[in-house]
Structure formats: structure tokens, C-alpha cells
Amino acid sequence: MMSAPQPRPEIFSIAPYVGGESKLPGIDQPLKLSSNEGAFGPPPGARQAAAEAALGMHRYPDPSSARLRQAIGAKFGLDPARIVCGNGSDELLTLLIQSYGGPGTELIMSEHGFSIYEIAGKLCGCTVVKVPETALTTDIDGILAAVTPQTTMVFIANPNNPTGTMVTDAEMRRLRAALPGHVLLVIDAAYAEYVTRADYEAGGSLVDAGDNTVMTRTFSKIFGMGGARLGWAYAPAAIADILNRVRPPFPVNVAAAAAGIAALAEPGWLEMSQAHNQKARQHLAARLTQTGLTVHPSEANFILVDFEAEPRAIQADAFLRAQGIIVRRVASYKLPTCLRITIGTDEECNRVATALAEFIHG
Ligand SMILES: *Cc1c(COP(=O)(O)O)cnc(C)c1O
């Protein structure tokens, strides 16, 4: 008998990434609040730019995404030569792990940190070390205590998904200063544009201050372009060089690149989206708190709502689905009593708040 092909055994320790669902049987247009995709869809200029660029899709894209890197650098005050673009920031996070991880190395992440670090880390043969959190927040001293001679990387989503909590600029600097120089610190700032607190910094200045910190960013959240798959990393020159060696030759397609440039140029988009998010998040959290639910503090475009018991969270999820609303269960993040709800438009927030009040009060 011929035996079937066998993958590397460590792959069986990986649970597949579970994305936010988008369909409900029997419901035409469900309200999807399960993937933090931004409240307003893509910026109008980005839609148009993608459509126009599609007419030229017989041509390969620019392998280095030069115009896009220039536009990102100009918008955020960063050196375009040290920006590397990717097919979503997930790709760049994975490339970093492939480049600096591997068998015999340890990757440190937070207990409820973003799942891609664990998936990519295990695939590369790294030992993934999860550090317990205090009040659902990354514990900087805990991370420092977990460092061993085998540690090569620390990954922190800031703000974190799915908890919504953040690490202050001062704490992140304290971490960087206390980590050994050879340990790569990766700050995944997918939600940076939503943060309004003055004690937050996305990570660009820490990247500039040394040779061992990388920041990743995405067009999938505040720019509403998750379907375009566009992310970027800002890195010290030597690490940007490594990423450019290992990345696919054409990671960013022509439509995504054109849409990204146009999105950055959309007048007032970031300001409008951030202001809406702050107000709507506060309002939704207040309404859910009034119904007796516990809402964890969030700096991002979602809130984590605690139903105190797992069966209650499952019931709430089912109740919302019956009303055509999809939110996100986060049991795979070891938060079985919680649901994560994306901040949508005012009308969408109102729908989910009304439905949950009905669920609680019967
Ligand atoms: C959504 C998300 C990403 C993935 O972004 P893509 O650019 O769409 O790959 C990365 N990190 C965190 C924490 C996220 O929530």
C-alpha cells in the first residue's frame, strides 16, 4: 500500500485561523461586526483608484511598491526606504517569524495576543511562550521575566486584538530598554489610527531609535480595505533588507497599491473615522453597561463584552445571529465568556445594543 504524504508533525499542533464569519443561513444581508473592518467601507477615492488600476492588470506590479512606500512615508513621517509592503500585515508578521525564528528559538507573546504569531511561530518550529496578562493587558514585567537565552522575538499587538487594551509609550520604551539587544521586538499596530490617548505611540520612533524594533501596520482596519490585502512594516535598514530578500517578488497587486495611495490622500478620512469611533465606542459601551453587561475598556474599533459565563456568551451569540447580526466569539483566545463586537456606524451600533438589551431583559 502507498502511504499518504505526511506534513511536518508540528503542523498538527496548529489550530487553523478562524476568521470572522460573514454569512447567516436564510439572511440576505447580515450585519457583520465580526472582523473590525472599519465602519465606513473603503474611502471613495480608493474604490475609484482600484477600479481604474484594474484596467492595467495585465502588467506586473512594481515589485518594491515604490510609490506606495513614498505615500506612506509622507503621510506618517517615516523613511520610505525602510518601509516594506506586503499582502496584508499578516504576511509581514509571518516573514519576520520565518526570518528570525525557527527550531530552538522562543517567541514570546501575550496570553490573549493575536493568534497569527502563534500559528506562524509553530509552523516555523519556534517554541511559543504565552505570558499571563493582568486586567487583560500585556504584562511588560512578565514578558521580561520570560526571556531566556533562546528568545529571539517578542510580539505585541498594540492595541491588542481581541482585548482592545494598549501598552503606553513609556512602558513600551521600558520593555525595549530592558530586552537583550538581539531580541527583535515587533509592535503590531493594526489599530494605531484609532487610538486617541496621549500616552500612546504607534512605534515608529522606537524603530528609528535602534536596530531591533519593527512596527507593522495595515490598510485593513481604519482604511476599510481588508479585502485588498495591504499591510506594511517599518524597520531598521538591516531588517528591511532581510524582509526584501524573503518576501514574494510581487506582494502587492496593482489595484491594492493604487487604492492604498488614494486612501492615504482621502481628505479627512482618518480624522473622521477616529472621531466617529471614539464617540460610537463610548456610546455603545455605555448602553451595554446600562443593561448590566461588563464591557472591557478598549482603544480600538471594537469592544470586548463579558457575559460572565460561557453558556451565556453562546446564547447571546445565537440570539444576535437570529436577528441577522454577526459578532465574534473569542473562545479560541481563551476568552470563552466574551464576545468581541466591531464598532460600526451609529445605526449598526444601535441595532446591536438594542438586540443585546432584548437578550438580557427578555
Ligand atoms: C487585523 C489584524 C492584523 C491583520 O491585518 P492584515 O493587514 O489584514 O493582514 C494584524 N494584527 C492584528 C492585531 C489585527 O487585528
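Some notes on this structure:
- Straight-distance crosslink candidates among lysines, where the alpha carbon sits under 20 Å from residue 122 and sequence neighbours closer than 8 are dropped: 130, 334
- Cα shape, the range 58-136, gyration tensor, a/c 1.5 rule: prolate
- Multiplying the residue separation of residue 241 and residue 28 by 0.36 nm and subtracting their alpha-carbon distance yields 72.0 nm.
- Estimated FRET transfer efficiency when R0 is 25 angstrom, pair residue 127-residue 332 (beta carbons, to 0.05): 0.80
- Computed [θ] at 222 nm, helices only, for the chain once each DSSP H run of length n ≥ 4 contributes -39500 (n - 2.57): -12000 deg cm²/dmol
- Entry note, the range 44-265: relative contact order of 30 percent, from Cα contacts under 8 Å with a spacing of 6+ residues.
- Relative contact order (percent, whole number), the range 254-316, Cα cutoff 8 Å, 6+ residue spacing: 18
- Each residue, residue 10 and residue 150, gets one label point 7 Å from its Cα in the Cβ direction; the gap between the two is 1.0 nm.
- Subtracting the Cα-Cα distance of residue 173 and residue 283 from their residue separation scaled by 0.36 nm leaves 36.4 nm.
- Shape call, the range 14-64: gyration tensor on alpha carbons, a/c limit 1.5: prolate
- Qualifying lysines (Cα of each under 19 Å from Cα of residue 32; at least 8 residues distant if same chain): 23, 221
- Whether the chain is rounded, prolate or oblate, judged on the alpha carbon gyration tensor where a/c under 1.5 counts as rounded: rounded
- Surrounding net charge for residue 250, when Lys and Arg each add one and Asp and Glu each subtract one, Cβ distance under 11 Å: +1
- Distance from the range 33-47 to the range 127-203 (C-alpha centre basis), Å: 27
Every number in this text was worked out from the coordinates using simple rules, so none of it is lab data. In this text, all values refer to a predicted model and were calculated from it rather than measured experimentally. When we count neighbours, we look across all protein chains shown, and the Cβ atoms used for this are built from the backbone with ideal geometry, even at glycine.
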